[in-house]
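Inspection log for the structure reproduced underneath, given as structure tokens.
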Amino acid sequence: MADRKVRVRKAPATSEQADASRVKLKASTKPSNLHLFRFLLPIMRPLRWLVPTYFVNSWREVRQVTWPSRRETWRLALAVFIFAVVFGVLIAGVDKGLDLIFKKVILKQ
């Protein structure tokens, strides 16, 4: 069996170093919005079992989404609308062409 090196985290030598490491840790973590809902936490914790894990994880994902601006939303909606109209016209043209071919070749009218 290969020897594994065990990594041991050494404690800071002085209290100032310990405080500095705590400050670095706090600064590196992402701030959460829990301070907004602190008054609800005592009520919500006992009811946590009522909310399935799926919804909790979904809400976390939704909070991470970068939502588009109003201008970008309108621009993308317009692009989708134009694409739908062009695609609809294209499909209607192909349908009309196949209808004419079907009537002339197969039905011989």
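Each reported figure results from applying straightforward, stated rules to the coordinates on display, with no laboratory input. Owing to the predicted nature of the structure, the values given are computational and were not obtained by experimental measurement. Cβ coordinates were reconstructed from backbone atoms using ideal geometry, including for glycine residues, and neighbour counts include every protein chain displayed.
What is the calculated FRET efficiency for I82 to T53, with r their C-beta to C-beta distance and R₀ = 35 Å, to the nearest 0.05?
Computed FRET efficiency for I82 and T53: 0.30.
What is the pair-distance distribution P(r) of segment 46-103, computed from all Cα-Cα distances in 5 Å bins starting at 0, with each bin given as a whole percent?
Distribution as computed: 4, 14, 10, 10, 10, 9, 10, 9, 9, 7, 5, 3, 1, 1, 0 percent.
Starting from the Cα of W74, step 7 Å along the direction of its Cβ; do the same at A92; then give the gap between the two resulting points in nm.
Those two pseudo-labels are separated by 2.7 nm.
Stretched out fully, how many nm does the piece from V62 to I106 gain, at 0.36 nm a residue minus the Cα gap?
Using 0.36 nm per residue and subtracting the Cα-Cα distance, I get 10.4 nm.
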